[in-house]
Amino acid sequence: MSIDKTSAPRHRAVDAPEAAEGAVAAVDPRLLVQEQGFGGYVTEFKRKIKAGELGSIPVIVGLIVIAVIFTSLNSSFLGAGNITDILVQMSGTGLIATGIVFVLLLGEIDLSVGSVSGLSSAIFAVLAITHGMNEVLALILALVSGAVAGAIHGFFFARIGVPAFAVTLAGLLFWSGLMLQVLGPSGTINIPNDNVVYKLENYFFSDVAAAYILALVAVVVYFWASFSGNRKRQRAGVPFRPVADTIMRTVLVAVAAFGVAVIFNQYKGLPLAVVIFVGLLVITDFVLRRTTYGRKIFALGGSVEASRRAGINVTWIRISVFMISGGFASLGGLFLASQIAAANQGAGAGNLLMNSIAAAVIGGTSLFGGRGRTWNALLGVLVIISIQVGLGIQGVAAPIVSMVTGAVLLATVVIDAITRKTQRSAGRA
């Protein structure tokens, strides 16, 4: 029996405008630049603002405001010496904040980083100075001690189920007490100026070529990474940035890199501390954005249950993240010990913990997990140290500095909360 094809049910084709009705079209910025040129940037910027995707814009605007205010009060604020001092001082706290970023991406917190940083500096000083151990070996053991402390926190959190807040709070107390025990009755061990740790924040490459060569390398690597990435996207048939866009971005990077190099060479030269800090930021950013491990961290911060069902080893990722946090806390502690040329009972105390967490949050890392970059640590700590140095130049008392820093942190958290609400409203959370 034949079937009348004209009577068979047919699926009505849906016009594209009708299918898209009531939906928010995802727009790739690379397509906008290709199709609209400079206007594409404006369109994409407006779309991000409406969707609550502010990124680092508030922080950059804040840094500009800080620079304008303090320069108007004292012209030396943007002097080569002061800028270099700010960038060197921020390295220790910034490294600790880098480790905090990893933990915050999980939606957790690590309250032990201050104590771990102090313990590591104490271990190094006792081994290398009191007992005469090889400096490099003592430094490695100090870093390992931080990773071990982080592994212990991660074990109790991931395996036993103790909340991260509770286990790292216990760690804060325990490692602080162990630091005092390690230092002994003297309480202070001075670090000589020929020591490897002393050089972390006090060594400068005085040859003017060093800063310019590093700036050139940074620009070349940035261009190569951007260009090769776009070529891969083009070959894969997905949206890519045009060459003109890549060149424009490279020019902006070059202006910033060589501008900083000029500032360094007007003072003492290229600081070793800045080289190490920025180098580690590049590495950790690559790990988070370009590796499977980094994507698992973001996935876990988005949804633990979904990550588990996707086959991610949740326990290992959590433990490893706390190990990273402990390792960076140790390295930051050694930088801070270099800053004062000593390991003492006050190491890791005061506002160090709060400044480290505040730096990560102020820089743009979400307290709710799943959103952030290690470069946020750089931006956030730059805001904090700039405020502290600027107010210090004006002779403002320490309590006022803490109050201002607290207000900035509160404003950042409020912006983060509002941003998340805006993203939910736009269907992008």
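Some points to look at:
- Test item: Cα-centred dipole of the stretch 201-297, Lys/Arg +1 and Asp/Glu -1 on Cβ, debye: 720
- In this structure the stretch 71-183 gives 37 Å² per residue of accessible area when probed at 1.4 Å with all protein chains present.
- Take the Cα of residue 303, step 7 Å toward its Cβ, do the same at residue 286, and the gap between the two points is 3.2 nm.
- Accessible surface comparison of 386, 206, 402, probe 1.4 Å, protein chains only, largest first: the order is 206, 402, 386.
- Summarising the amide proton neighbourhood of residue 205: residues at separation of 5 or more, or on other chains, whose placed amide H is nearer than 5 Å comprise 270, 272.
- Put a dot 7 Å past the Cα of residue 57, heading toward its Cβ, do the same for residue 71, and the two dots end up 2.3 nm apart.
- Cut-off 17 Å, label 7 Å out along Cα→Cβ of residue 170, residues of the stretch 322-359 by amide N: 322-323
- Net charge of the neighbourhood of residue 87, taken over other residues with C-beta under 12 Å away and scored Lys/Arg +1, Asp/Glu -1, is -1.
- Local electrostatic count, residue 275, Cβ distance below 13 Å [Lys/Arg +1, Asp/Glu -1]: 0
- The modelled label-to-label distance for the pair residue 131/residue 190, using points 7 Å beyond Cα in the direction of Cβ, is 2.3 nm.
The values are calculated or read from the model by the stated rules, or taken from the named source; none is laboratory data. Keep in mind the model is a prediction, meaning the values are calculated, not measured. Here the Cβ is made from the backbone with ideal geometry for all residues, glycine too, and neighbour counts use every protein chain on show. Ligands, DNA and RNA are excluded from the accessible area calculation, which covers all protein heavy atoms including side chains. Shrake-Rupley method; radii C 1.70, N 1.55, O 1.52, S 1.80 Å.
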